[in-house]
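Student: I'd like to ask you about the structure that follows.
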Amino acid sequence: MIVLKTDDEIELLRQANLLVGKTLAELAKIVEPGVTTNQLNRVAEEYIRDNGAVPTFKDFPNPYGNPFPAAICTSVNDAVVHGIPNNKPLKDGDIISIDCGTLLDGFCGDSCYTFCVGEVKPEIKKLLDVTKQSLYEGIEQSVIGHRIGDIGSAVQREAETNGYGVVRELVGHGIGKEMHEEPHVPNYGNCGTGEMLKNGMCIAIEPMITQYSRQICMNADKWTILTRDGGMAAHYEHTIAIRKSGPDILSSFEFLEDVLRRKRI
Ligand code: MG
Ligand code: MG
């Protein structure tokens, strides 16, 4: 069942998602060669809890009886999603997708951004730019009267016309009091198919795009999803509300992109 949200509930969702955006900005300050993903995780968990929220990913169950051990997912290079923080330092030229979830005042935030570590090769930077653009192409389709397939089709077109792969096995989702609600929001599909978009629907759109083949595999840790061919992968995610005024982006990249701009100066 798809739970439609009231205006008041959407404002609570916005607060949870703004906190995710601000957490990602704290991490943007310290994503550099030499930092470990465990260090990033500690900063994220402390910031989320200091702001009165709970990191929703921590202890999230999986079918293997192996709950997720950290507050954020840190997926480096060929890791697509669900990477577990560890003590290995990031290297110049790496990319890292940091996915972050919060529970604040009963509502969930969920957003992800792929960061460059130091200087990244132009062809990898292009994968990141196209993946982020595909997210915004999907958001543009998120209007009342359109269908879920319109979102997936737009994401897929942007990625595939640039020669990249679109992961099929993992999808976006409805979001509200639960992190994962109905409907599924695939990053592929056909226009005019799937669930009709209605006022008050809140969804997380999250393209997972690969440099070469879209085939994936599971790491031995039973969490990390890797590209099968070892190519790079990027992942950007926004939580949005579908409203009469159009798509309302509840999460935010503004805080972190402001930090990244300042670091370049
Ligand atoms: Mg996420
Ligand atoms: Mg999500």
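The values are calculated or read from the model by the stated rules, or taken from the named source; none is laboratory data. Since the structure is predicted, the reported quantities are computational estimates derived from the model, not experimental observations. FYI the Cβ positions are ideal-geometry reconstructions off the backbone, even for glycines, and counts take in every protein chain you see. Areas reflect the complete protein model, heavy atoms only, side chains present, ligands, DNA and RNA absent. Shrake-Rupley method; radii C 1.70, N 1.55, O 1.52, S 1.80 Å.
Student: If we count every other residue with Cβ under 12 angstrom of Lys244's Cβ, Lys/Arg +1 and Asp/Glu -1, where does the sum land?
Tutor: Working: positive: Lys198, Arg243; negative: Asp7, Asp248.
Every neighbour counted, the sum reads 0.
Student: Enter the accessible area per residue of segment 7-264 (Å², integer; probe 1.4 Å; all protein chains in place). Kindly include the intermediate steps, with their values, before the conclusion.
Tutor: On the way: 10860 Å² over 258 residues.
Value returned for segment 7-264: 42 Å² of accessible area per residue.
Student: Taking the Cβ of Gly34 as the centre, find all other residues whose Cβ is under 13 Å away and add up their charges (Lys, Arg: +1; Asp, Glu: -1). Write out the running numbers ahead of the final one.
Tutor: Values: positive: Lys88, Lys91; negative: Glu32, Asp92, Asp94.
Result for the local shell: -1.
Student: If you don't mind, there's one more thing I want to ask. Mind ranking 62-73, 147-158 by how tightly packed they are, going by the mean number of other C-beta atoms within 10 angstrom, highest first? Each step should come with its number before you reach the end.
Tutor: Values: 62-73: 16.2, 147-158: 23.5.
Top of the packing list down: 147-158, 62-73.
Student: Taking +1 at the Cβ of each Lys and Arg and -1 at the Cβ of each Asp and Glu, which of Gly152, Gly118, Ala70 sits farthest along the dipole of the chain towards its positive end, judged by Cα position relative to the Cα centre?
Tutor: Checked the options; the winner is Gly118.
Student: For segment 1-84, just say rounded, prolate or oblate: build the C-alpha gyration tensor, square-root its eigenvalues into a ≥ b ≥ c, call rounded for a/c under 1.5, and beyond that prolate if a/b exceeds b/c, oblate if not.
Tutor: Numbers: a/c = 2.03, a/b = 1.33, b/c = 1.53.
Oblate.
Student: If you don't mind, there's one more thing I want to ask. Could you grab the relative contact order for the chain? Cα pairs under 8 Å, six or more apart, rounded to a whole percent. Working shown, then result.
Tutor: On the way: 703 pairs, mean separation 62.5, N = 265.
Relative CO of the chain lands at 24 percent.
Student: Right, another one. State which entries of Lys22/Lys88; Lys22/Lys132; Lys58/Lys125; Lys22/Lys58 exceed 20 angstrom in Cα-Cα distance in the structure shown. Present the calculation step by step, with values, prior to reporting the outcome.
Tutor: Working: Lys22/Lys88 25 Å; Lys22/Lys132 18 Å; Lys58/Lys125 30 Å; Lys22/Lys58 18 Å.
Violating the 20 Å limit, Cα to Cα: Lys22/Lys88; Lys58/Lys125.
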